[in-house]
Structures are given as structure tokens and as C-alpha cells.
Amino acid sequence: MTTTPLRTIITGASSGLGAEMARQLAARGHDVALTARRTDRLESLRDEITAAHPGRRVVVRALDVTDHDQVFAVTREATAELGGLDRFVVNAGLGKGTPLGTGRFDANRETAMTNFVGALAQIEAAMEVFREQRQGHLVVVSSISALRGMRRAMTTYAASKAGVASLAEGVRSEVIARPELDIDVTTLYPGYIRSEMNEHVEQEQKMMVDTETGVRAMVEAIEARKVKAYVPTWPWLPIGTAMRALPLSVVRRMV
Ligand SMILES: NC(=O)c1ccc[n+]([C@@H]2O[C@H](COP(=O)([O-])OP(=O)(O)OC[C@H]3O[C@@H](n4cnc5c(N)ncnc54)[C@H](OP(=O)(O)O)[C@@H]3O)[C@@H](O)[C@H]2O)c1
């Protein structure tokens with residue numbers, strides 16, 4: 001349990017990793033703003049969290065991260081309602097995709113717009129608040145698949161996640177040289193964690209962990225304000241390290 005409640009906005013909080021991060025952060029004593037498109041899910045989660053932790057403040061806001069004006073407006077509104085903003089978790093994401101050149105530009109574009117341009121809007125909105133306050137913690141949910149180019153249905157998804165990690169590192173590269181800005185940046189690289197995104201995926205079962213276990217590793221890395229974390233550490237730290245070094249002919253058979 002922490003003693004200082006931090007005020008955190010989480011995008012994509014209606015299911016999977018985002019919903020579980022909200023549960024676990026609230027259990028650690030933090031106040032949360034839950035955002036996503038499915039507000040019925042957010043309202044149920046708010047009721048669940050406030051029943052379990054009556055002292056916690058839980059704000060709910062409808063947000064489609066591809067509506068960029070809404071990203072800025074919701075960030076400002078949720079920040080005001082929370083009474084300030086200590087942390088923003090860029091989590092909303094989409095796993096749609098097809099091999100490039102197979103006639104489904106629409107699916108690949110939707111993934112890129114949600115995971116990359118949507119994340120860019122969220123980082124811009126969060127950083128506006130953090131620059132003004134001169135403090136904050138930016139958390140970006142990338143993916144192990146960001147470490148290398150991925151084949152077939154994963155190509156655009158992996159590229160979008162590499163782009164998001166690069167945005168986070170770019171922000172960090174600025175703020176580490178600005179002592180007047182007390183801003184930390186954490187990039188999470190989850191491996192396979194059970195969620196709606198992969199509920200029908202069979203071949204990854206061996207390395208898949210349940211949502212609570214996977215998110216516990218994410219929340220520990222967030223709370224420790226790690227610069228980057230492959231989560232869960234086992235088996236993803238050795239796999240991630242190997243992925244960066246091995247030739248593509250080997251990497252393409254690993255994940
Ligand atoms: N699970 C894994 O193994 C894994 C591994 C690596 C990375 N990740 C990343 O973890 C993040 C969470 O994914 P998940 O696994 O928890 O999948 P999920 O259960 O499908 O959750 C995705 C969340 O993103 C939200 N979302 C999707 N499109 C959105 C949009 N246009 N605007 C606002 N919210 C949107 C969804 O909410 P609404 O539909 O209600 O809007 C939902 O809350 C994603 O960024 C994903 O890429 C997951």
C-alpha cells in the first residue's frame with residue numbers, strides 16, 4: 001500500500017490489461033480515471049472498485065482515442081475532476097491486421113490510427129498537463145512485438161508498438177536533460193497476457209499468463225518508475241533480449 005494517492009488516467013480501461021491495472025492501482029491506494037468507448041463497462045468497473053475501496057475516487061469518461069479533440073478535452077476534464085494528474089497510462093490498443101498488400105488497408109490503418117496516432121494524441125495531451133505542472137509520470141504500453149518487424153497479421157501492429165516506444169523514448173530523452181521538469185517515462189513491453197485481444201488465440205498458450213499475474217508485473221514496473229520493462233520478466237526478459245540480437249530467420253520462429 002502506498003501512502004500518497006496518485007491520480008492516474010488510464011485509457012482502454014474497459015477490458016483486459018487496462019481494467020486490471022485500474023483494479024490493482026486502486027488497491028494500492030491510487031485514484032483513477034477510467035476511459036474507453038464502452039462506458040457501461042467503465043461504470044461497472046467504477047462500482048466494483050468503489051465497493052472494494054470506498055475511499056478511492058474513480059472518474060469515468062467516454063473516450064475514443066482516434067477522436068483527437070476528445071483526447072485533449074477528456075484529459076483536461078479528468079485532470080480537473082481528479083484534482084490534478086500524477087500519471088497517464090497510454091494503454092488503449094487494437095490488434096486488427098492483415099499481411100500488407102492483401103486488400104485490407106482499412107484494418108491495418110485502423111490499427112495504426114488507434115495504436116500510434118491515438119497514442120501520439122494521448123502523449124501530447126498528457127505532456128501538456130505535465131509540462132504545466134512540471135511533474136508527472138508517462139506510462140506507455142508497447143509490446144514485445146515492437147522489438148523486431150513481425151510477419152503477416154502482426155506487421156502493422158508491431159510497427160505501431162515500435163513507434164509508441166520511440167515516442168516515449170524521445171520524450172524521455174528530452175526530460176532527462178531538464179532537471180526543472182520532474183517527469184518520468186516508463187515503457188512497458190508485455191509478452192502474452194490473457195485479455196479480450198487474444199482470447200481466441202490458441203498457439204501462444206504455453207507462454208500466456210492470466211490477466212492478474214501479467215498486470216501485477218506491469219503495475220510493479222509502473223510503481224517502481226522503471227524506464228522500461230519486459231513483463232512478466234520471465235520468460236520475456238531473456239526472450240526480448242534474444243530477439244534484439246538474433247537474425248530475423250530465428251526471430252520469426254520465436255513469437
Ligand atoms: N494482452 C497482451 O498479451 C498484450 C501484449 C502486448 C501489448 N498489449 C497491449 O496492451 C494494451 C491493452 O490491450 P489488452 O490486451 O488489454 O486488449 P483488450 O482487452 O482488447 O483491451 C483493449 C482496450 O483498448 C480500448 N480501445 C480500443 N480501441 C479504442 C479506441 N479507438 N478508443 C479508446 N479505447 C480503445 C478498448 O476499449 P473500448 O473498446 O471500450 O473502447 C479496451 O479497453 C494494448 O495497447 C495492447 O496492444 C497487450
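The values are calculated or read from the model by the stated rules, or taken from the named source; none is laboratory data. Small disclaimer: the values here were computed from a predicted structure and weren't measured. In this analysis, Cβ positions are derived from the backbone assuming ideal geometry, glycine residues included, and neighbour counts consider all displayed protein chains.
Quick check on segment 65-114: of everything there that is among the charged types (D, E, K, R) and part of a helix (DSSP H, G or I), which residue is nearest to the ligand (Cβ to nearest atom)?
Ranking the qualifying residues of segment 65-114, first place goes to E110.
Here's a check for you: in segment 193-207, which residue that is hydrophobic (A, V, I, L, M, F, W, C) and at pLDDT below 95 is nearest to the ligand (Cβ to nearest atom)?
Checking each candidate, the answer is M197.
Quick check on segment 172-179. Is at least one of its residues acidic (D, E), surrounded by fewer than 23 Cβ atoms within 10 Å (Cβ to Cβ) and within 8 Å of the ligand (Cβ to nearest atom)?
No: zero hits.
Could you tell me which numbered condition E110 fails, if it satisfies all but one of (1) under 23 Å from M21 (Cβ atoms); (2) charged (D, E, K, R); (3) touching a Ser or Thr at 6+ places or on another chain (Cβ under 9 Å)?
Failing condition for E110: (1).
I'd like to check something: does segment 161-168 contain any residue that is buried (at least 22 other Cβ atoms within 10 Å of the Cβ), within 12 Å of the ligand (Cβ to nearest atom) and under 16 Å from L120 (Cβ atoms)?
Yes - at least one qualifying residue is present in segment 161-168.
Step by step: first the residues of segment 5-18, then only those that are hydroxyl-bearing (S, T, Y) and near the ligand (Cβ under 10 Å from one of its atoms), then the one that is surrounded by the fewest Cβ atoms within 10 Å (Cβ to Cβ). Which residue is that?
Among residues in segment 5-18 that are hydroxyl-bearing (S, T, Y) and near the ligand (Cβ under 10 Å from one of its atoms), the one surrounded by the fewest Cβ atoms within 10 Å (Cβ to Cβ) is S15.
Tell me which residues, restricted to segment 238-248, are assigned to a helix (DSSP H, G or I) and more than 14 Å from Y189 (Cβ to Cβ).
Correct list: A245, L248.
Condition first: under 20 Å from A221 (Cα atoms) and in a helix (DSSP H, G or I). Now tell me which residues in segment 1-46 satisfy that.
Those that are under 20 Å from A221 (Cα atoms) and in a helix (DSSP H, G or I): G16, L17, G18, A19, E20, M21, A22, R23, Q24, L25, A26, A27.
Can you list the strands (runs of 3 or more DSSP E) lying wholly within segment 131-237 that have 1 or more residues being among the acidic types (D, E)?
Filter on segment 131-237 gives 182-190.
Name the single residue that is nearest to the ligand (Cβ to nearest atom) among those in segment 19-54 being small (G, A, S) and touching a helix residue (DSSP H, G or I) at 6+ places or on another chain (Cβ under 9 Å).
Per the criteria, the residue is A36.
If I ask for residues that are surrounded by fewer than 16 Cβ atoms within 10 Å (Cβ to Cβ), of a type outside the set (K, R), in contact (Cβ under 8 Å) with a residue 12 or more places away in the chain and closer than 20 Å to R172 by Cβ, which ones from segment 220-253 would you list?
Correct list: V227 only.
Could you check, for segment 233-248, whether at least one of its residues is of a type outside the set (S, T, N, Q) and within 12 Å of the ligand (Cβ to nearest atom)?
Taking every residue of segment 233-248 in turn, at least one turns out to be of a type outside the set (S, T, N, Q) and within 12 Å of the ligand (Cβ to nearest atom).
Can you tell me which residue in segment 126-154 is surrounded by the fewest Cβ atoms within 10 Å (Cβ to Cβ), limited to those that are out of contact with any strand residue (DSSP E or B) (no Cβ under 8 Å at 6 or more places or on another chain) and within 23 Å of D64 (Cα to Cα)?
E128
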